[in-house]
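The values are calculated or read from the model by the stated rules, or taken from the named source; none is laboratory data. None of the values given here were measured: they were computed from a predicted structure. In this analysis, Cβ positions are derived from the backbone assuming ideal geometry, glycine residues included, and neighbour counts consider all displayed protein chains. The area values use the complete protein model at the heavy-atom level, side chains included, leaving out ligands, DNA and RNA. Shrake-Rupley method; radii C 1.70, N 1.55, O 1.52, S 1.80 Å.
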Amino acid sequence: MFRRYIRLFGVQLRASSLLAMQYRGDFIVEGLISLFWSATALAPLFVVFQKQGQQIEGWSFGESLLVIGWFTLLQGILEGAISPSLTGVVEHIRKGTLDFVLLKPADAQFLVSTTRFLPWRATNALAALAIFVYGFHILGTSPSLLGVLASLVLLGCSVLLLYSLWILTVSAAFYVVKVDNLTYFFTSIFDAARWPAPVFRGVLAFVFTFVIPLAVMTTFPAEALLGRLSLMSLVGSVLGSVFFAFVSRRVWLHAIGHYTSASS
Amino acid sequence: MSVRSTLRAFPTLLRVGVSEAVAYRAEMFIWVLSTTMPFIMMALWTAVARAAPVGRYSGDDFIRYFLAAFVVRQMTGAWAAWQINYEVRQGTLAMRLLRPISPLWSYAAENLGSFPMRLFVVVPVAAFSVYKLGWGSVPQTLWGWVFFFLSLFAGWLITFLANVAIGTMSLFMESSTKLMDVWIALFFVCSGYLYPVELFPPAFRAALDWLPFRYQIGLPVELMTNTHDFHKALALLGRQWLWVALMLTISLGLWKRGLKRFAAYGG
């Protein structure tokens, strides 16, 4: 059973790679745009930290770079692996072709989540790596092994969180028909993850920690790399993201259960 | 199509735009929510300014600036590029071309028609800014108001015409949404949407004065928050309208040449 899903995943991944390479011009343009986006993402940071020794809420330039690095990496994962296939679901719902997916002898959530990947978004991972190296160069330190391990665990959590939040958004498409702007909404909120979480206060702080846990996604891994994340936060993030995944799975099943195809 | 009948038809198109906005109000509300970037930037910059003011901006000034940026963004929104792209690919542009009035007018009417609905969001935000931070949040002189509305209208025109120009590019290449992504990235960085353009490193600031982006958001915001004296404001407004003229020439030129290539795929 598990082996079958792994194989299925491989097939889907290969198909989307071939699809991406089909139009070579597009392929290169995509790559260039990815790099361009990463570069423009840094512009606000340079404007904020123009003054030497400037800090925001205790975060120096080098430390904020680590947050941006995680943001860039997650953005790559979100736009390269999560959102392309799931925006397809919205299209399926609108056209009524979701029926074909539901008829297939595999889990529907698995199928719709793995239909399309944009391989070029892998450039984001390279950009993130460059940002990490630059950040640590400025800080004049290097991360500890334990810190790297903790941040990798948190990376897993963040991907799970992003995926679950996205599933929740897509599930909303079953109830609200027109949802492509919900996806815009999601990406624009995700943009806040670019900044260290302590920047946000009051209501925003609450929302970004508990409702849309952006702090967990970028600030915690950066803190882990710096070796100052408490064990409590690490455990809390793991439990929290598993809980989120569980909720989103229930909501998805509920939404699928209430789905009536467009033609009926 | 004569000028006179276009003028006669335009109010009707506007009314259609308004009723569309009213009909899809939930959708529009989500669009409004997805332009919350100014609020995030507000949180960020007030955090930066907590230790010491940045340039001449204190925490309160940043709140005022970004509330104004939110207002201006709402009132200068255009989405014609995506619309044109979609309609070219689907071939439905042919339907619009059959009408005895240029499709550009109906795109414009759809955009403008959504503004009365947007006022329901924009006016409370502006009122909150005035309540919290005093009358400095809105123009304080008569010429200030006139200039503000002129710059707001020009800001919309630049945004809309850029949309038309980029959307029309989809007649020359398969899809121009990627081009639009590049435009939007530049817009974010250069327009004063993420930070007042004054805070940009001095080396770049001169370049910003000559690019169209700052005239989409920055200038209306600056005029709304009384940043410039009369002469400076007039000079900037002049440049803004120069950009309007330039964009008008470019986009209409592209549109005329592009339409000749339109083959209505699938139509």
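Values computed for the structure shown
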item: Conditions (1) surrounded by 19 or more Cβ atoms within 10 Å (Cβ to Cβ); (2) modelled with pLDDT under 75; number of the one not met by A:Gln22; result: (1)
item: Checking B:Thr35 against (1) touching a Pro at 6+ places or on another chain (Cβ under 8 Å); (2) within 14 Å of chain A (Cβ to nearest Cβ); (3) among the hydroxyl-bearing types (Ser, Thr, Tyr), the condition it does not meet; result: (1)
item: Subset of region A:207-222 [open to solvent by 20 Å² or more (accessible area, probe 1.4 Å) and touching a residue at least 40 places away in the same chain (Cβ under 8 Å)]; result: A:Ile212, A:Phe220
item: Tally of residues being out of contact with any helix residue (DSSP H, G or I) (no Cβ under 7 Å at 6 or more places or on another chain) and assigned to a helix (DSSP H, G or I) across region B:18-38; result: 4
item: Per-region count, region B:185-206, residues small (Gly, Ala, Ser) and either on the phi > 0 side of the Ramachandran plot or within 10 Å of another protein chain (Cβ to nearest Cβ) (or both); result: 2
item: Single residue of A:Leu204, A:Leu229, A:Leu225 found to be outside any helix (DSSP H, G or I) and surrounded by 13 or more Cβ atoms within 10 Å (Cβ to Cβ); result: A:Leu229
item: When residues of region B:139-184 are limited to those that are hydroxyl-bearing (Ser, Thr, Tyr) and within 12 Å of chain A (Cβ to nearest Cβ), the one nearest to B:Arg89 (Cα to Cα); result: B:Ser175
item: Residue among B:Ala51, B:Ala23 that alone is touching a strand residue (DSSP E or B) at 6+ places or on another chain (Cβ under 9 Å), open to solvent by 20 Å² or more (accessible area, probe 1.4 Å) and within 14 Å of another protein chain (Cβ to nearest Cβ); result: B:Ala51
item: Residue satisfying all of: in region B:54-67; open to solvent by 60 Å² or more (accessible area, probe 1.4 Å) and not basic (Lys, Arg); farthest from the other protein chains (Cβ to nearest Cβ) among these; result: B:Asp60
item: Single unsatisfied condition, B:Glu110 versus (1) in a helix (DSSP H, G or I); (2) crowded, with 21+ Cβ neighbours inside 10 Å; (3) touching a residue at least 40 places away in the same chain (Cβ under 8 Å); result: (2)
